[in-house]
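To keep things clear, I will list the structure first and then write my remarks on it.
The values are calculated or read from the model by the stated rules, or taken from the named source; none is laboratory data. What you see is a predicted model; the values in this text were computed from it and never measured. All Cβ positions, even for glycine, are placed from backbone atoms using ideal geometry, and neighbour counts span all protein chains on display. Note: accessible area is taken over every heavy atom of the protein model, side chains too, but ligands, DNA and RNA are not part of it. Shrake-Rupley method; radii C 1.70, N 1.55, O 1.52, S 1.80 Å.
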Amino acid sequence: MSHTLRQVSRPVSGYAASRFYRWRTGTRGSQRLVLTPLSVLIVLITIVSMVNYNSAPVVAFLVPILLGSITLRYRPLVFLAVLAGLGLTIAVLDEGMTPTRFSTLILMGVCVGIILLTSRRIRTGLPGPLNEAMLLDLRNRLYAEGRVPPLSNGWQSQSAMRSAGGAKFAGDFLVARLSDDGSILEMVLVDVCGKGVAAGTQSLHFAGALGGLIGALSPGELFCAANRFLLRQRWDDGFATAVHVIVDLKSGNFSIINAGHPPVLRWCSATREWLVDSARGTALGITADADFHTTSGTLGRGDALMFYTDGVVESRNLDVMAGIRKLQSTAKATMAKGVDEAAERILASVEERDDDCAVLILSRDLADSRV
């Protein structure tokens, strides 16, 4: 019996999956695929209501409209609403109009009007769930470029991010690239001006641009190109701070360029202290004559670099320098417990603020695990 059920369920599930995939394309054909059964449902509700009004009262016609609001574009949804209105009129006139039914009709008309207005205001022209899925897919594709690839033995990276208000889109993002031979790691941590959703679209746009440039240009050229890109956008508050690091994973040599970003902290395993890097520079998108300074050094065994955004060290009651000193103290205590999950623990110690927060740590093991 179970074998027979599996044989029947496989083609059914396959058919349903193919129809769902076709609906996700958002084409006219896919819209007809949804509009047809919903139209048939309205006709069936009309017939049932005429036979026995209590089995399908006025509010029953709201069900296909609600289903259509999450599966149809605006124009097919208007057609469905008109069809439901005709069916509703036929059913009510057949049963007889009463004050209660009249008030219900008015309320349903208001609800349908709100649904249609909401659908029309979706500028992508796609149903709500497809609109959201498209934005999330775009975000995931761009943010995938910010995942640091697996590093060679003796190195590890970790990051932790928290957007303002828990929104899915934030102004902080990371772009990373590992050379083909796995010896050179390049990363850019960016903080776009604004908070949460307000900076989300700008960060997505900027992340796509940086993702196409990293590795193709030298660090200095990359920041100059990024600066020109932001100046061309003419966004309101259209500037960003960024820090760029390139590390030779064989020798431990690194260089840092800072564009108005909070200074990088370097963990010195010999002194057990977080040292403040001296790289400074002009934020991106402010002036065409931006000035960027570079620092360099070598990460020894047990050393680490920590990058973070201003949401970690700045608040209404705490200036940046005081916040950096507090972060140094917190991060020192965290490193005493081990480097594993240090970024998560450091971010967890930062109180909730109305700003995006990000922490990135690149560390070198005390011993070479290849030995």
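See the values below:
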| quantity | calculated |
| --- | --- |
| For region 44-74 versus region 252-298, the gap between their alpha-carbon centres in whole angstrom | 63 |
| Over 12 Å [Cα-Cα, region 47-95], rounded percent | 60 |
| GluC sites (Glu not before Pro) within region 266-371: DSSP coil, no more than 14 neighbouring Cβ in 10 Å | Glu341, Glu351, Glu352 |
| Solvent-accessible area of Ser183 with every protein chain in place, 1.4 Å probe, in Å² to the nearest 10 | 10 |
| Carbon plus sulfur fraction of accessible area for region 244-371, probe 1.4 Å, in percent | 49 |
| Exposure ranking of Arg232, Arg266, Arg280 by accessible area [1.4 Å probe, largest first] | Arg232, Arg280, Arg266 |
| Amide H contacts of Leu366 (H built 1.01 Å from N, under 5 Å, at least 5 apart or other chain) | Gly302 |
| 1.4 Å probe accessible area per residue over region 205-335, in Å² | 44 |
| Cβ-Cβ FRET estimate between Val78 and Val276, R0 fixed at 45 Å, reported to 0.05 | 0.15 |
